[in-house]
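Working notes, structure below.
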Amino acid sequence: MKNLNRLFAIAKSNLDSIGIEYGDIVGIVVNTRAKSRWGQCKIVNGTQRNEWFDQEFEINISNRILDDNIDDDKVISVIIHEILHTCYGCMNHGRKWKELADLVNDCYSCYRIETTQSCSYFGLNAKEERAKYSTYKIQCGNCHNEFYRNRLFNTNTCFCGKCKKQNWQIYKNDNNGNYRPYKSIYKFSF
Ligand SMILES: [Zn+2]
Ligand SMILES: [Zn+2]
């Protein structure tokens with residue numbers, strides 16, 4: 001697994017070199033629970049209403065992209081994405097955040113700072129990733145059509161797209177890629 005602190009130090013020094021002033025980042029941690037996001041930036045001390053210089057930030061990065069065979073620069077791109085959220089007025093992907101992202105992209109061709117990043121950017125297979133990291137696996141008990149979701153749709157009103165029956169077997173991810181039976185919904189229909 002990659003050394004996150006080392007990549008974080010590179011990211012910060014690259015931003016320092018081009019004069020980007022980021023906030024007070026008090027922690028950078030590995031997130032083993034993140035399902036759909038690669039990284040996240042949170043205010044851990046202070047609130048959005050506080051003065052910027054009173055805020056403290058924590059960044060977490062998904063362990064899904066910390067595998068050694070993923071390109072360091074791509075992970076640093078995610079770290080920079082999150083560090084930019086700590087800059088003044090940049091908590092969302094608004095104009096200020098985008099300006100800084102463009103600046104980084106212009107100065108460093110090795111990075112690609114985008115609002116979202118697909119699995120393929122990291123050389124990951126989207127289908128496999130979904131099967132490993134979704135919150136729910138939903139299976140039709142009738143025709144065995146199965147798919148993955150991070151949120152549960154309303155299984156009381158939803159019918160299987162393939163067989164039109166309502167016989168759902170729902171499994172929940174134990175956060176280790178094992179899906180355990182969660183609930184089943186069966187409605188008799190003619
Ligand atoms: Zn973001
Ligand atoms: Zn079905």
For region 133-190, enumerate the residues that are away from ligand 2 (no atom under 15 Å from the Cβ) and either farther than 28 Å from residue 63 by Cα or among the small types (Gly, Ala, Ser) (or both). 134, 154, 156, 157, 177, 183, 190
Residue check, residue 14 surrounded by fewer than 17 Cβ atoms within 10 Å (Cβ to Cβ) and either outside the structural domain of residue 106 (by TED's automatic domain parsing) or closer than 15 Å to residue 78 by Cα (or both): no
Tell me which residues, restricted to region 122-144, are in contact (Cβ under 8 Å) with a residue 40 or more places away in the chain, assigned to a loop (DSSP other than H, G, I, E, B) and in contact with a strand residue (DSSP E or B) (Cβ under 9 Å, 6 or more places away or on another chain). 134, 135, 141
Please find, within region 134-162, the residue that is modelled with the highest pLDDT out of those that are exposed (fewer than 14 other Cβ atoms within 10 Å of the Cβ) and hydrophobic (A, V, I, L, M, F, W, C). 147
Within region 106-153, residues being over 21 Å from the mean Cα position of the chain (by Cα) and within 16 Å of ligand 1 (Cβ to nearest atom) number 0
Within region 33-66, how many residues are assigned to a loop (DSSP other than H, G, I, E, B) and either within 15 Å of the chain's Cα centre (by Cα) or closer than 17 Å to residue 15 by Cα (or both)? 7
Give me the pairs, please: first residue somewhere in region 145-167 and part of a loop (DSSP other than H, G, I, E, B), second residue anywhere and loosely packed, with under 15 Cβ neighbours inside 10 Å and charged (D, E, K, R), beta-carbon distance under 6 Å, and either six or more positions apart or on two chains. 145/162
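The values are calculated or read from the model by the stated rules, or taken from the named source; none is laboratory data. Computed from a prediction, not measured in an experiment: that's the story for all the values here. Counting neighbours? That spans all protein chains shown, and the Cβs are built from the backbone with ideal geometry, glycine included.
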